[in-house]
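The values are calculated or read from the model by the stated rules, or taken from the named source; none is laboratory data. These numbers come from a predicted model, not from an experiment. Every residue, glycine as well, gets a Cβ built from its backbone with ideal geometry; the counts of neighbours run over all protein chains shown.
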Amino acid sequence: MTKQKRAIKTLGEIALRVNNLSVMQEFYQEVVGLELLKRFPDSVFFEIAEGYAGHTQILALFDRSKDPNYKGLNPEKTTVDHIAFAIDSAEYEPEIRRLEQLGMQVRTAEHAWVHWRSLYLDDPEGNTIEWVCYDGAII
């Protein structure tokens, strides 16, 4: 089987509709540690990483209360499970300690089949956030 060239180079952005824009902005800025790119009255944009060809990888938060027609996600149809951010393996343990010092309930897991180590927590609106790193020592 020949590997075909694909057009997709990287993830461009993730967007969440949120109930409390200010609380969610503070969480992603102070707890997750994302850099604020721009705050608008009804949205917030954070940089995840440099990205590709001039498009920064972004996490966008949109205030759902400003759209009276927004009905929310249908849990019977959506497949969204969590958002994952890659970190260096050397930052894994220090990040657990930092998050616990902030009062976060951190859950951990090892995914031996890909040699990944993960930590998880929930944001203020219940979205699961993952920090994941490669660890060749995991068997």
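For Thr128, the test of being in the same structural domain as Ser22 (by TED's automatic domain parsing), within 23 Å of Glu30 (Cβ to Cβ) and among the polar types (S, T, N, Q) is failed. Taking the criterion of being in contact (Cβ under 8 Å) with a residue 12 or more places away in the chain and either over 15 Å from Val32 (Cβ atoms) or part of a loop (DSSP other than H, G, I, E, B) (or both), the residues of region 115-132 that qualify are His115, Trp116, Arg117, Asp123, Pro124, Glu125, Asn127. Restricted to region 94-112, and to residues there that are of a type in the set (A, V, I, L, M, F, W, C) and touching a strand residue (DSSP E or B) at 6+ places or on another chain (Cβ under 6 Å), the residue that is surrounded by the fewest Cβ atoms within 10 Å (Cβ to Cβ) is Ala109.
Could you check region 68-105 and list, in sequence order, the residues that are more than 21 Å from Ile48 (Cα to Cα) and among the basic types (Lys, Arg)? Answer for region 68-105, where residues must be more than 21 Å from Ile48 (Cα to Cα) and among the basic types (Lys, Arg): Lys71, Lys77, Arg97. Within region 38-45, one or more residues are part of a strand (DSSP E or B), surrounded by 15 or more Cβ atoms within 10 Å (Cβ to Cβ), aromatic (Phe, Trp, Tyr) and within 14 Å of the chain's Cα centre (by Cα). Please work out which residue is farthest from Gly126 (Cα to Cα), limiting yourself to region 75-93 and to residues that are surrounded by 11 or more Cβ atoms within 10 Å (Cβ to Cβ) and more than 16 Å from the chain's Cα centre (by Cα). Among those that are surrounded by 11 or more Cβ atoms within 10 Å (Cβ to Cβ) and more than 16 Å from the chain's Cα centre (by Cα), it is Ser89. All conditions in (1) modelled with pLDDT of 95 or more; (2) under 18 Å from Gly126 (Cβ atoms) hold for Arg39, with the sole exception of (2). Here Thr108 clears all of (1) modelled with pLDDT of 95 or more; (2) within 20 Å of Ile48 (Cβ to Cβ); (3) among the polar types (S, T, N, Q) except the condition numbered (2). For region 78-114, filtering for residues that are farther than 11 Å from Tyr134 by Cα and not in a helix (DSSP H, G or I) leaves 16. Scanning region 11-36 for residues that are exposed (fewer than 15 other Cβ atoms within 10 Å of the Cβ), outside any loop (DSSP other than H, G, I, E, B) and more than 12 Å from the chain's Cα centre (by Cα) yields Ser22, Val23, Glu26, Glu30, Glu35, Leu36.
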